[in-house]
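Below is one structure, written out as structure tokens; the observations come after it.
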Amino acid sequence: MKINNKIAKVMMMTATLIGMTAVAEQANASDSITDLTSTITKLNSKSTEVTAKLATINDEIDSTKAEVKSAKDDAAKLESDQYKLGKKISRLNVEITQRDSQLSDQTRALQVNGNTSSMVEFVSDSKSVVDAFKRVGTVTTLVGAGQKAAKQQKVDKAEVKADKVELDKKAIAQEKTVKEYTNKQAELAVKQASANTLKAQIDTKKSDAQSSIDDAKAAEKAAEKAAADTKAANDKNDAAAADAAAAKATEAASSSNSDATSNKETSDSSVASAPSANNSSADTSSKKTSNTSSSSVDSSSLDTSSITALARSLTTKGIPYRWGGKALDGFDCSGFTSYVYAHAAGKSIGGYTVAQEGQVSYESVSQAQPGDLLFWGSKGSSYHVAIYLGGSQFAEAPTEGQNVKISTMSAYWKPDFAGRVK
């Protein structure tokens, strides 16, 4: 029996260590998921910011493209104007050249070249009055035509010069505009590429973080399974320990009953064989023997490990709370404690809380040891009872709608006093 108990304890310790490891792994996985989720949230915020920035850049690019197109259209129109103006300038230059040649010919013909005396001689050499009038008309016509041609020549030359200057100015301005828009377009293209690269990097980080979350969730699931497997193993070990404790308690109770029966038979035999004159002495001896036997049973130490083991085991069976229940199909609080003591220690402690108070030596909650009873309420009028397991934990049948379970003392739910079963 001792060897089996040791094996059970070793198995329980091993399962507990495995369970602690599984819980730690589960906690680490949960922390990792929380951190990664926070990272993805930040990346989503950054991605939204970059996407908005990219949209702005794309809008600027579209606007700049339109402006560049407009500038290029203007440049094309300017080129057309330049071509037309060039043809006009060429035509005017031809006319100017021809006019210069004509004026030169006329001047040489009259041999004037700006000399007024030659014109006078031309008129004075007339053969007759009629010839003189003709020559005066010719001179007048030539002089007027020359002056008109010279004036037109001056206007045409000025127009050619002005048109050329204006055209050159427009060409320079247009070239500058096209260059500025082209440079801006190139800059925006660089910004667009940079934003696209940043967004791709963020998307990659998000993908990596999501993959890590998936891995962490898988690890968490594995840890949960390991914890569940460990709990199942612990429950199995608890049940085995409880069964062993119950068997040991039954064996101890049987042994105690056997000893009591033997003592009683011995006492009865002594009384029967004694002379009648000594009946009083025999009765006294018999009472002493009986009292001694009873005292021996009452003062025997309880196996608290069996009590706590059975109590723990019952918390894993899904046993519901049932008012007045005292069996495995349902317990109330005192029915649960009564069942555990009866089956783990062979001890009857009564069926309700106040009766169970009568079976204990009162003590403070801080003095309670595993296996002791915990009471809620005032002494002599308690309303709830549980079995202390140690470490501020206790096994109880709590209330309607709940199962037998292990609870932990808190500021809101803790016993008022404790008691050690006599």
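Quick notes on this one:
- Added length on full extension, which subtracts the Cα-Cα distance from 0.36 nm per residue, K422 to E166: 80.0 nm
- The modelled label-to-label distance between N28 and K53, using points 7 Å beyond Cα along the C-beta direction, is 3.7 nm.
- Remark: the range 94-101, residue by residue, has Karplus-estimated 3J(HN,Hα) of 5, 4, 4, 5, 4, 5, 4, 5 Hz, where x stands for each Gly or Pro and the curve is 6.51 cos²θ - 1.76 cosθ + 1.60 at θ = phi - 60°.
- The range 303-422: C-alpha gyration tensor shape, a/c 1.5 cut-off, then a/b vs b/c: rounded
- Calculated from backbone phi, Karplus (6.51, -1.76, 1.60) coupling profile of the range 179-186 in Hz, x at Gly/Pro: 5, 4, 5, 5, 5, 5, 5, 5
- Inter-label distance, E187 to A145: 6.3 nm, where each label sits 7 Å from its Cα along the C-beta direction.
- Amide H contacts of V404 (H built 1.01 Å from N, in plane; Pro and chain starts excluded): I319, Y321 sit under 5 Å, all sequence-distant by 5 or more or on other chains.
- Contact order relative to length of the range 303-422, as percent, for alpha carbon pairs under 8 angstrom and 6 or more apart: 30 percent
- Using the Karplus relation 6.51 cos²θ - 1.76 cosθ + 1.60 with θ = phi - 60°, the per-residue 3J(HN,Hα) values for the range 192-200 come to 4, 5, 5, 5, 4, 5, 4, 5, 4 Hz, with x marking Gly and Pro.
- For G325, distant residues with modelled amide H under 5 Å away: D332
Every number in this text was worked out from the coordinates using simple rules, so none of it is lab data. Predicted model only: the values in this text are computed from it and were never measured. Here Cβ is always computed from backbone atoms with ideal geometry, including for glycine, and neighbour counts include all displayed protein chains.
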